[in-house]
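Working notes for the structure below.
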Amino acid sequence: MRKIYCISALLIFGLLKGYAQEEQTSSNDFNFGVKAGYSSVILKVKVDDISVSDDVSGFYFGVFGELSFSEKFGFQPEVIYSSYSQDGESSSVLQVPLLIKFIPAERFGIMAGPQFDYLLNKEDAEGLKQLAVGIALGASFDITENIIIETRYSFGLTDRLDSDLEGLEGFNVENRFNYFFVGLAYRF
């Protein structure tokens, strides 16, 4: 886990250092905005070789920044609040994706990078690790200069189980959370 944090930090600082040494070509190298949309968390449980999954729907909203390295590459950090509800019970998650954005064509972007998520409700996190790491992959399309439609999928890398489950000692049990997002963003 520490290796993932260290590699992510080195990647981000290395890219920012490279950006700082580049000559700035326009005054619009940094933008920020807000975003909101539909979200789904896919809960995956694996016991030895048997895998089961369930998904819970919800919504998200948050803020993002865009730092351009060049015409084709940039860095997009985000802070997102997600809420999920099923059978009258709800859960909240704070997510922080740190994405590298590649722009292969005008108005179209492909994003990838680490995503950190933190379970906000302590009672929901009983028996689970509150902090986890995943890898996010996504795409965006600029409808206008300010309005963006985007989609993203985040693969959970962290086994969320904090300890062995009662009655399942001796079994190899893993629990991972994957996330799906689709929504709109507004760039200021």
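FYI, it's all coordinate maths here, none of it is from the lab. This is a predicted model, so every value here is computed, not measured. Don't worry about glycine lacking a Cβ; one is built from the backbone with ideal geometry, like all the others, and counts go over all protein chains shown.
Ordered by the number of other Cβ atoms lying within 10 Å of each residue's own Cβ, fewest first, Glu174, Glu106 fall into the sequence Glu106, Glu174. Compare the Cα positions of Ile135, Gly62, Ile110 along the charge dipole of the range 42-142 (+1 at Cβ of Lys, Arg; -1 at Cβ of Asp, Glu; about the Cα centre) and return the one farthest towards the positive end. Of the candidates, Ile110 comes out farthest on the positive side.
Among the listed pairs Lys44/Lys101; Lys35/Lys101; Lys44/Lys129; Lys35/Lys129, those with a Cα-Cα distance over 25 Å are Lys44/Lys101; Lys35/Lys129. Measuring between their Cα centroids, the range 30-53 and the range 99-115 lie 19 Å from each other.
For the range 67-138, with equal point scatterers placed on the C-alpha atoms only and solvent neglected, what are the log10 I(q)/I(0) values from the Debye formula at q = 0.11, 0.16 1/Å, to two decimals? For the range 67-138, the Cα-only Debye profile gives -0.38, -0.65. Per-residue extension of 0.36 nm, minus the Cα-Cα distance of Leu128 and Leu94, leaves a gain of 10.7 nm for this segment. Across the range 90-99, rounded Karplus estimates of 3J(HN,Hα) from the backbone phi angles (6.51 cos²θ - 1.76 cosθ + 1.60, θ = phi - 60°) give 10, 9, 10, 9, 9, 10, 10, x, 10, 10 Hz, Gly and Pro being marked x. Here Lys72, Lys46, Lys122 are placed in order of increasing Cβ neighbour count within 10 Å, fewest first, which gives Lys122, Lys72, Lys46. On full extension, the segment bounded by Leu137 and Ser70 gains 22.1 nm, given 0.36 nm per residue less the C-alpha separation. Taking a ≥ b ≥ c as the square roots of the eigenvalues of the Cα gyration tensor of the range 104-188, is the shape rounded (a/c under 1.5), prolate (a/b larger than b/c) or oblate? Prolate shape, in that a/c is at least 1.5 and a/b is the bigger ratio. Among Ser154, Ser68, sorting on how many other beta-carbon atoms sit within 10 Å of each Cβ, with the fewest leading, yields Ser68, Ser154. Any chance you could tell me what percent of the C-alpha pair distances in the range 20-119 go past 22 Å? Above the 22 Å cut-off, the range 20-119 has 46 percent of its Cα pairs.
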